[in-house]
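Engineer: The following block contains the structure, expressed as structure tokens.
Each value in this text was obtained by applying a stated rule to the coordinates, not by laboratory testing. Everything numeric in this text was worked out from a predicted model, so none of it was measured. With ideal geometry, Cβ positions are generated from the backbone for all residues, glycine too; neighbour counts draw on all protein chains shown.
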Amino acid sequence: MIRLLTICSIVIALTSCKFKGHVETKYEEPSSPVIASVKDSGMPCFQCHSYEKYSLDKAGIFSHAKHKSLGVHCNQCHIIKDHKESNVKKDACNRCHNLTSFTLASSGMPVTFSHQNHTKKATCSDCHPKLFLMKKGGAKLTMDEMYKGNSCGACHNGKKAFASTDCTKCHAKMTSFNKDITYPSKTMSSVVFSHELHTAMFKCDDCHTKLFKFKKGGSGMKMDDLYQGKYCATCHNGQSGFSVNDCQRCHK
């Protein structure tokens, strides 16, 4: 009986030491982050979180569904920190998509936009889709909207970035300013307007679009309007500039 108790005590002691050693074993983090396979386990975040609100697949808007189907994981694009922060990595999109510069040529003064320059200071979500859809030409850009603080004007307000009224910053080749504009008349000689002369004295937003639209003939200007102090007569009132009543100054 004593021998049996002694044997049991030894077995219990050895077993206790074994479990104690197992508890004290420290887990070491892997040298590189482990990304669960979509095919095997699904995307890590959506194992617990509902995927429903991220399932939208619409043209011009980032599609989680499309990227998930290609095997892209949350932590490949997002900074997952302390289970709270989930900001998009600045270079996330450019890792797969070659974001090059492109030219907007809808007006007579083309603008070259550089994704690379902008992603150095902003993340994709700062602009898309809050200000612009993820599709070239998906948003109709007008200077009026920019002056109101929309589209590019949300940042280019003279505080966060140079003002949208500083035209030469974007329109490097302002070809429309290098030539005179001729306005024909049925009863008198044509009027020749010089952009070059006026831009030497005024800024673009002094006239556009307070007085004139960004399109020749788009404002529907008539002499009767000028006599009422509109359009050119805002300045050509005999004080700031010669009076519109001095016909030969324009109809030479």
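Engineer: Over region 102-169, how many percent of alpha carbon pairs lie in each 5 Å bin up to the one with the longest distance?
Structural biologist: Calculated over all Cα pairs of region 102-169, the distribution is 4, 15, 25, 33, 20, 3, 0 percent.
Engineer: Hey, another quick one. So how far, in whole Å, is the C-alpha centre of region 217-252 from the one of region 133-158?
Structural biologist: 32
Engineer: Say R0 is 35 Å: what FRET efficiency, to the nearest 0.05, do residue 225 and residue 59 get from their beta-carbon distance?
Structural biologist: Computed FRET efficiency for residue 225 and residue 59 comes out at 0.25.
Engineer: Next up: What net charge do the residues around residue 235 carry, taking every other residue with its C-beta under 12 Å from that of residue 235, with Lys and Arg at +1 and Asp and Glu at -1?
Structural biologist: +1
Engineer: Quick check on region 179-249: take the gyration tensor over C-alpha atoms, sort the square-rooted eigenvalues as a ≥ b ≥ c, and tell me if it's rounded (a/c under 1.5), prolate or oblate.
Structural biologist: Verdict is rounded for region 179-249.
Engineer: I would also like to ask the following. Hey, for a label at residue 199 modelled as a point 7 Å past Cα toward Cβ, could you say which residues of region 97-137 have their backbone N under 18 Å away?
Structural biologist: Those under the cut-off are 104-113.
Engineer: Same structure, new question: I need the chymotrypsin sites (Phe, Trp or Tyr not before Pro) found in region 147-177, filtered to DSSP loop residues with at most 16 other beta carbons within 10 Å of theirs.
Structural biologist: Working: sites: 147, 162, 177; in loops: 162.
Hits after loop and neighbour filter: 162.
Engineer: Need the full-extension length gain, residue 86 to residue 46, defined as separation in residues times 0.36 nm minus the C-alpha distance. One decimal, nm.
Structural biologist: In short, 13.0 nm is gained.
Engineer: Between residue 130 and residue 237, what FRET efficiency follows from the Cβ-Cβ distance if R0 is 41 Å, with the result rounded to 0.05?
Structural biologist: Between residue 130 and residue 237 the formula returns 0.45.
Engineer: Quick one: net charge around residue 57, please, counting Lys, Arg +1 and Asp, Glu -1 for every other residue with C-beta under 12 Å from its C-beta.
Structural biologist: Here the count lands on +3.
Engineer: Compute the length gained on full extension between residue 252 and residue 142: take 0.36 nm times their separation in residues and subtract their Cα-Cα distance, giving the result in nm to one decimal.
Structural biologist: Details: separation 110, 0.36 × 110 = 39.60 nm, distance 3.45 nm.
36.2 nm is the gain from fully extending residue 252 to residue 142.
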